[in-house]
1. State all residues of the stretch 36-64 that are open to solvent by less than 40 Å² (accessible area, probe 1.4 Å) and within 22 Å of S116 (Cα to Cα); if no residue qualifies, say none.
2. What strands (runs of 3 or more DSSP E) completely inside the stretch 33-124 contain at least 2 residues that are closer than 26 Å to A136 by Cα?
3. Quick test of your reading of the structure: E95 fulfils all but one of (1) open to solvent by 30 Å² or more (accessible area, probe 1.4 Å); (2) over 17 Å from the mean Cα position of the chain (by Cα). Name the failing condition by number.
4. List the pairs whose first member sits in the stretch 116-135 and is open to solvent by 40 Å² or more (accessible area, probe 1.4 Å), whose second member is outside any loop (DSSP other than H, G, I, E, B) and among the aromatic types (F, W, Y), and whose Cβ atoms are under 8 Å apart, counting only residues at least 6 apart or on separate chains?
Amino acid sequence: MYRLGRVPLLIDTQGRLFASSSPRSLFDWRHQLERRQLHTLPQAYCEAWYAPGVRADEPALSGMVGGYDDVIFDSEWDCADLALLPDVAHTVVMEIRPTDESMRKAYAVLKTLARSGVAFQAGLLGDRLACDHVQAAGRHFLEREVVHAIFNVANENDAFAALAVRMADEERA
């Protein structure tokens, strides 16, 4: 996004990315929203905001992020906590591990998004077979529009690996 000239904001909702480097502030994220002044951390490719516990549907948030082209929430994905900003396009990216629980959670998020009525895209990354399994379940049980909104990037590295092997063989010849 940064290379495309876009200005992203990465929001650390879990306190796992920027807890040790959060700006020393007298105000937590709630007070920052009340004061209409986010205390962000400049990063190489974005600005970051340490806001553990904030949800995407926080009413004051939509008025504060208008200066950013993309707003990225780093959060655990659980359907009970799935909150989306109103009136914007959503892209949800899920890392799927090769466990039944991870695949069930990923499918549950897809089903919740499908029933939400909002426009979205969903990216699957992580274990290739787990991503393929979740995508196949989506094709089988969800509507066609939802299936077309799912993109699987778990297999992306396979094409690059195959190309690298082929190029190495061609260089030896």
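1. Scanning the stretch 36-64 gives V54, A56, A60, L61.
2. Once the strands (runs of 3 or more DSSP E) in the stretch 33-124 are filtered for at least 2 residues that are closer than 26 Å to A136 by Cα, what remains is 90-96.
3. E95 satisfies every listed condition except (2).
4. Cβ pairs passing all conditions: Q121/F151.
Residues are listed down the side, and each one gets a yes or a no for (1) in contact with a Lys or Arg (Cβ under 8 Å, 6 or more places away or on another chain); (2) within 18 Å of R16 (Cα to Cα); (3) at pLDDT 90 or above:
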residue	(1), (2), (3)
F27	yes, no, no
L38	no, no, yes
F73	no, yes, no
L84	no, no, no
V88	no, no, no
V93	no, yes, no
D100	no, no, yes
L113	no, no, no
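The values are calculated or read from the model by the stated rules, or taken from the named source; none is laboratory data. Since the model is a prediction, treat every value here as computed from it, not as a measurement. Positions of Cβ are generated from backbone atoms using ideal geometry, with glycine treated the same way; all protein chains shown enter the neighbour counts. Only protein heavy atoms, including side chains, enter the accessible area calculation; ligands, DNA and RNA are left aside. Shrake-Rupley method; radii C 1.70, N 1.55, O 1.52, S 1.80 Å.
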